[in-house]
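The values are calculated or read from the model by the stated rules, or taken from the named source; none is laboratory data. The model shown is predicted, which means the values in this text are computed figures rather than measured ones. Note that we place each Cβ from the backbone using ideal geometry, even for glycine, and neighbour counts take in every protein chain shown.
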Amino acid sequence: MPRSLVLTLLLFAWSARADDGLVEVASSHDVKETVSRFEAALARAKVTVVAKVDHAAAAEKVGERLPPTVLLIFGSPKLGTPLMQCAPTSGLDLPLKALVRDDGKGRVTVTYSAPVWIAARHGGKGCDEVVKKMDAALRTFVEAATQ
C-alpha cells in the first residue's frame, strides 16, 4: 500500500471531537485483541494498569446487554505528577483511561480524553511539555493497539 494512502487513512482514523476533548481511533482488531495489544504496549513502556473494567460482563450480571466494552485505567507518576503539579484538579481525570468498544455493528474504537483538554479543563498553565509527552505516549499506545 502506498505510504501516502496509509498516512491519509491514519489521519482519518484519528478523530478528535474538539467540543468534548475525546479522541476516537478505529481499530483493525476486535475488542479482546485491541485490549491485549494496548496492555502489551503499556507493559513495554512500564506503565501500570490500575484497573480493567469489562462493562459488558458487568451489564450481563444484572441481566442487561452491552456490546464488548472494556475500560482500561492506567498511568505513570512520571507523567501524571507533573500534570497535577501544574493543574492540581487534573487528578480527577488521572490515571488516564481508554475505552475500547464495539459499536454493536462490528466497528471497534479506542476513545480517550485528549491530554490538552484535560489540562485546559483544569486550568493548567505551563503544562505544555507534559501535555506533549502524554499525548505522544497515548498515541503510541493507541497505534500499537489499533493497527
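Here are a few things to note about the model shown:
- Test: Ala119 is closer than 25 Å to Ser28 by Cα and out of contact with any strand residue (DSSP E or B) (no Cβ under 8 Å at 6 or more places or on another chain): no
- Output for segment 107-130, where each listed residue is closer than 13 Å to Val23 by Cβ and either of a type in the set (Lys, Arg) or outside any loop (DSSP other than H, G, I, E, B) (or both): Thr109, Val110, Thr111, Tyr112, Ser113, Pro115, Val116, Trp117, Ile118
- Test: residue in segment 51-69 that is surrounded by 14 or more Cβ atoms within 10 Å (Cβ to Cβ), of a type in the set (Ser, Thr, Tyr), at pLDDT 95 or above and closer than 20 Å to Ala145 by Cβ: yes
- Number of positions in segment 63-106 that are touching a Lys or Arg at 6+ places or on another chain (Cβ under 9 Å), touching a residue at least 24 places away in the same chain (Cβ under 8 Å) and assigned to a loop (DSSP other than H, G, I, E, B): 5
- Complete set of residues in segment 25-44 that are in a loop (DSSP other than H, G, I, E, B) and loosely packed, with under 14 Cβ neighbours inside 10 Å: Ser28
- Condition broken by Leu7, with the remaining ones in (1) on the phi < 0 side of the Ramachandran plot; (2) surrounded by fewer than 16 Cβ atoms within 10 Å (Cβ to Cβ); (3) at pLDDT 95 or above satisfied: (3)
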